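What follows is one structure encoded as structure tokens, with my remarks underneath.
The values are calculated or read from the model by the stated rules, or taken from the named source; none is laboratory data. Because the structure is a prediction, the values reported are computed rather than measured. All Cβ positions, even for glycine, are placed from backbone atoms using ideal geometry, and neighbour counts span all protein chains on display. Heads up: the accessible areas ignore ligands, DNA and RNA and are worked out on the full protein's heavy atoms, side chains in. Shrake-Rupley method; radii C 1.70, N 1.55, O 1.52, S 1.80 Å.
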Amino acid sequence: MNPATLIPTPDAIPVPWGWFYILLMLTFLLHILVMNAMLGGGIIALISSFRGGEQNTLLSKEFGYKWPYTIAFAVNMGVAPLLFVQVLYGQFIYSSSILMAVWWFSIFGLLILAYYAAYIYDFKFEALGSLRIFVLEFSVLILLFVGFLFSNNMTLMLQPEKWQAYFTSGSGTLLNLSDPSLIPRYLHFVVGSVAVAGLFLALVGHYRFTKSSVDRDALISKGMGYFTYATVIQIFIGIWFLIALPKNIMMVFMGGSGYGTILLLIGIVLAFAALYFGYKQQVAMASVITLVTLVIMIFMRDLVRIAYLKPYFQLSDLTVQPEYSPMIFFLVVFAIGLALIGYMLKLAFGCRKEVTK
Amino acid sequence: MNYPVWDLTTYGGGFLIALVAVVHVLVSHFAVGGGLFLITLEKKAYKDEDAGLLDYVKKHSKFFLLVSMVFGGLTGVGIWWTIALLNPAATSSLIHTFVFGWAAEWVFFVGEIVALFIYFYTFGKMDRNNHIIVGWIYFICAWMSLFLINGIIGYMLTPGAWIETHSFWSGFFNPTFWPSLVFRTGISLTLCGVFGFVTAAFLKDDNLRQKIMRTCAVWVAIPFALMVGGGWWYFLAIPEPAKTIILEKSPEVTNYLQLLTWAMPILFIASMIMAIRLPQSFQKVFCFVIVGIALIYFGAFEFIREGGRRPFIIYDHMYSNQVYVKDVPEIQKAGFLTSSKWARHKEVTDENLMDAGRDLFKFQCSACHSVNGPLNDIVPIVQKFDTVFGMDSMLNGLGKINNYMPHFMGTREERWALANYIVHGPDIRVVQEITQQETAQKKPAH
């Protein structure tokens with residue numbers, strides 16, 4: 001059977017695909033930043049708890065204060081890219097989600113558990129005593145598992161060849177475990193999240209956003225330590241991921257496409273620059289470089305998607321039934337929303353100063 | 001038929017979405033009204049310099065954060081998750097038609113979360129007026145979320161002029177938009193009182209507790225009028241075929257209607273009981289009873305709204321089983337299986353009779369019927385059809401009298417295969433024994 005016959009007919013879009021593409025890239029970047037702080041932070045808090053000692057415990061406590069925010073915003077910032085990916089690639093992602101429906105359906109229930117566990121960890125940090133580490137493990141393991149399910153779906157949606165498994169079982173228990181790029185891809189996200197979360201903690205120290213009595217310098221140096229180590233590992237996993245991709249897709253970044261190759265080269269240079277600044281404990285420079293690296297990685301990730309889907313679909317295939325007024329409405333709402341958020345943050349930081357005075 | 005169908009059998013018939021939606025609807029409406037509740041009480045506490053009340057507001061805001069943001073937020077995402085799994089074609093249609101409506105709703109969702117965090121964590125630390133402003137921003141963002149979702153949900157039942165124009169705005173401001181908005185605003189304010197009972201019941205100070213109980217009872221009573229009035233207006237605005245289905249046609253929906261008419265006054269009376277000075281131990285239990293009644297009440301309403309939409313998922317545009325109305329003539333000609341991308345067999349043969357029948361059931365019926373499950377189980381209602389011929393002629397007339405169902409889509413052979421599967425197939429199996437005359441049609445399944 002030709003897998004292309006399984007791909008559903010997409011619905012028309014109201015404005016040219018480029019708009020959705022920009023929105024997808026932008027909101028995915030936001031999601032990844034917060035998601036990394038959430039997942040990587042949990043991992044770092046767990047490692048710190050195992051290592052013990054006063055500053056390590058305080059670091060886990062400090063992260064505990066931040067954790068519920070990061071979960072709330074990781075989910076919240078995840079909604080938007082999920083919306084836009086459905087607009088552009090709905091026919092793929094709906095199909096693959098149904099193939100793994102049982103897993104996919106379990107995600108939001110699992111997240112509710114992880115979220116409440118994070119709140120218990122935050123609100124009851126002292127009272128939990130030695131139970132604390134179990135709550136932390138519980139929540140981190142769930143988040144790791146949810147991430148794994150995402151990696152499965154994001155790869156399964158790109159491979160209609162695999163969808164024929166539906167005809168053996170339609171009960172929604174499929175995963176994409178046979179894909180050699182699945183594990184390195186997943187680890188690439190997990191290890192990356194530890195690096196970004198290390199940076200996040202260092203920034204918390206750097207800008208004095210601490211709430212616990214953790215020593216600022218210790219927080220910065222520990223955070224930068226996690227950042228640097230994780231980045232070293234990340235470089236190796238990145239190479240593994242690259243060679244685990246199907247050959248034609250790997251070649252996109254190795255000369256096949258000028259754009260892809262340049263992105264990879266810039267990515268490598270930036271990774272080493274990040275290592276250098278991480279080693280030197282220069283928080284601000286490391287942050288800027290990491291942000292740019294993430295942007296590059298997100299565009300590379302998208303090139304992988306385009307290359308996988310090339311035999312079946314490209315974004316310019318989508319029909320446009322133009323209607324611009326809703327988009328203008330959205331952009332106005334977006335501007336108002338940003339202004340309101342800016343205003344509220346101003347109020348919040350204003351009162352922070354009053355209190356510390 | 002574009003998409004694969006998740007093979008759920010027992011939990012088919014919309015069970016999963018009902019499960020997620022009912023709890024979410026309760027909490028999400030609470031999340032809207034709760035904002036106004038908090039700022040009103042906070043203001044009153046400032047005005048009367050009432051430290052006890054202020055302390056209650058602070059406690060309630062923590063409860064509110066944990067219930068509305070964590071549970072409400074995630075079950076909301078959960079609804080989306082679920083409909084995409086159960087009805088991807090309709091989800092895709094809603095997403096593509098209203099993408100910027102959803103996107104705008106997302107902006108308000110962000111605003112809501114930022115405001116609620118700031119409200120909660122700066123309680124007692126921020127300048128009072130500014131703190132109330134943050135509370136107002138929360139409420140406005142939350143209500144705007146309701147405003148936007150309300151348009152999209154209303155569109156599914158009453159797409160109105162959209163059917164011709166296909167324009168975002170005519171679908172959004174559809175014939176039930178305003179009545180439903182009034183109704184839902186009423187619900188969300190009523191629920192603040194309902195959840196207020198829960199936090200108030202655990203206050204130690206006797207006088208404070210009674211005072212707040214009374215305030216909460218007022219919060220149930222006044223918006224109740226808005227809710228009942230809005231609900232009535234909403235009902236009047238529903239166009240004809242759907243209204244008859246709700247009132248008389250569908251046996252299932254009429255049951256829920258009865259449940260609704262009972263639950264509404266009970267909810268009101270139970271809430272008024274809370275205004276009476278009663279022992280705390282009673283209040284601690286009874287507050288959850290009231291939440292339970294509210295859950296039944298809104299659950300029944302949601303079932304009626306969903307039921308009234310049958311046989312469509314988007315009225316006059318797409319059937320519950322993901323078939324576009326406009327595609328039906330083509331399907332009747334070419335056959336349902338040929339037109340389904342994810343059907344295993346494209347044509348009915350003697351060999352694949354059962355498998356083809358199973359696919360037909362899965363793709364055409366399982367959206368509304370479970371097999372041995374809690375919701376709209378097919379097994380008991382087909383027991384009276386003990387021959388394939390009987391079933392086949394039932395299928396021929398399907399959707400004519402019982403117009404809450406789409407009519408059967410496909411060729412004569414496909415209809416025969418479905419009838420065979422229902423009567424003899426391994427899952428439903430009305431008749432174990434195979435009669436002489438049918439042996440010719442029957443081939444071993446799988």
Step by step: first the residues of the stretch A:1-24, then only those that are crowded, with 17+ Cβ neighbours inside 10 Å and assigned to a helix (DSSP H, G or I), then the one that is nearest to the other protein chains (Cβ to nearest Cβ). Which residue is that? A:Leu6
From the list B:Leu226, B:Leu181, B:Leu203, exactly one residue is open to solvent by less than 40 Å² (accessible area, probe 1.4 Å), assigned by TED's automatic domain parsing to the domain that holds B:Phe37 and within 27 Å of B:Leu157 (Cα to Cα). Which is it? B:Leu181
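Residues checked against (1) without any contact (Cβ under 8 Å) to a residue 24 or more places away in the chain; (2) at the interface with another protein chain (Cβ under 10 Å from one of its Cβ atoms); (3) touching a Phe, Trp or Tyr at 6+ places or on another chain (Cβ under 9 Å):
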| position | (1), (2), (3) |
| --- | --- |
| A:Gly278 | no, no, yes |
| A:Asp302 | no, no, yes |
| A:Phe313 | no, no, yes |
| A:Ser316 | no, no, yes |
| A:Pro322 | no, no, no |
| A:Pro326 | no, yes, yes |
| A:Leu340 | yes, yes, no |
| A:Leu345 | yes, yes, no |
| A:Gly350 | yes, yes, no |
Where in the stretch A:51-130 are there helices (runs of 4 or more DSSP H), lying wholly inside it, with at least 2 residues that are within 20 Å of the chain's Cα centre (by Cα), among the polar types (S, T, N, Q) and closer than 20 Å to A:Met25 by Cα? A:54-99
One residue from B:Leu226, B:Leu181 being in contact with a Gly (Cβ under 6 Å, 6 or more places away or on another chain) and either under 18 Å from B:Phe30 (Cβ atoms) or assigned to a helix (DSSP H, G or I) (or both): B:Leu226
Taking only the stretch B:328-364 into account, find how many residues are open to solvent by 20 Å² or more (accessible area, probe 1.4 Å) and either in contact with a Phe, Trp or Tyr (Cβ under 6 Å, 6 or more places away or on another chain) or not assigned by TED's automatic domain parsing to the domain that holds B:Leu398 (or both). 2
State all residues of the stretch A:311-328 that are assigned to a helix (DSSP H, G or I) and open to solvent by 60 Å² or more (accessible area, probe 1.4 Å); if no residue qualifies, say none. A:Ser316, A:Asp317, A:Ile328
Could you identify the single residue in B:Gln280, B:Gln258 that is within 27 Å of B:Pro175 (Cβ to Cβ), open to solvent by 30 Å² or more (accessible area, probe 1.4 Å) and among the polar types (S, T, N, Q)? B:Gln258
Which one of the conditions (1) farther than 22 Å from A:His188 by Cβ; (2) within 14 Å of chain B (Cβ to nearest Cβ) does A:Gly52 fail to meet, given that it meets all the rest? (2)
Please verify whether the stretch A:258-272 includes one or more residues that are exposed (fewer than 15 other Cβ atoms within 10 Å of the Cβ), at the interface with chain B (Cβ under 10 Å from one of its Cβ atoms) and more than 30 Å from B:Leu116 (Cα to Cα). no
Inspect all residues belonging to the stretch A:279-301 and state whether any of them is open to solvent by 30 Å² or more (accessible area, probe 1.4 Å), of a type in the set (D, E, K, R) and part of a helix (DSSP H, G or I). yes
Tally time: how many residues in the stretch A:155-179 are assigned to a helix (DSSP H, G or I) and either open to solvent by 30 Å² or more (accessible area, probe 1.4 Å) or touching a residue at least 40 places away in the same chain (Cβ under 8 Å) (or both)? 9
Only one of B:Val285, B:Val194, B:Val198, B:Val218 is within 18 Å of B:Phe63 (Cα to Cα), modelled with pLDDT of 90 or more, open to solvent by 60 Å² or more (accessible area, probe 1.4 Å) and part of a helix (DSSP H, G or I), namely B:Val285
Testing B:Gly135 on (1) at pLDDT below 95; (2) surrounded by 22 or more Cβ atoms within 10 Å (Cβ to Cβ), one condition comes back false. Which one is that? (1)
For the stretch B:85-100, state whether one or more residues are of a type outside the set (D, E, K, R), modelled with pLDDT of 95 or more and more than 21 Å from B:Gln322 (Cα to Cα). yes
When you scan the stretch A:49-57, do you find a residue that is open to solvent by 10 Å² or more (accessible area, probe 1.4 Å) and on the phi > 0 side of the Ramachandran plot, even just one? yes
Answer yes or no: is there a residue in the stretch A:109-124 that is open to solvent by less than 20 Å² (accessible area, probe 1.4 Å), within 30 Å of A:Leu6 (Cβ to Cβ) and of a type outside the set (Asp, Glu). no
Looking at the stretch B:92-103, which of its residues are more than 7 Å from every other protein chain (Cβ to nearest Cβ) and in a helix (DSSP H, G or I)? B:Leu94, B:Thr97
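Residue-by-condition table, conditions (1) in contact with a Phe, Trp or Tyr (Cβ under 7 Å, 6 or more places away or on another chain); (2) in contact (Cβ under 8 Å) with a residue 40 or more places away in the chain; (3) not assigned by TED's automatic domain parsing to the domain that holds B:Leu191:
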site: B:Asn2; (1), (2), (3): no, yes, yes
site: B:Ala31; (1), (2), (3): no, yes, no
site: B:Gly73; (1), (2), (3): no, yes, no
site: B:Ser92; (1), (2), (3): yes, no, no
site: B:Trp102; (1), (2), (3): no, yes, no
Select, from B:Val67, B:Val110, the only residue that is facing chain A (nearest Cβ under 7 Å), surrounded by fewer than 24 Cβ atoms within 10 Å (Cβ to Cβ) and assigned to a helix (DSSP H, G or I). B:Val110
Does A:Phe236 count as open to solvent by 40 Å² or more (accessible area, probe 1.4 Å), within 22 Å of A:Leu39 (Cβ to Cβ) and of a type in the set (A, V, I, L, M, F, W, C)? yes
How many residues does the stretch A:67-85 hold that are facing chain B (nearest Cβ under 7 Å) and open to solvent by less than 10 Å² (accessible area, probe 1.4 Å)? 4
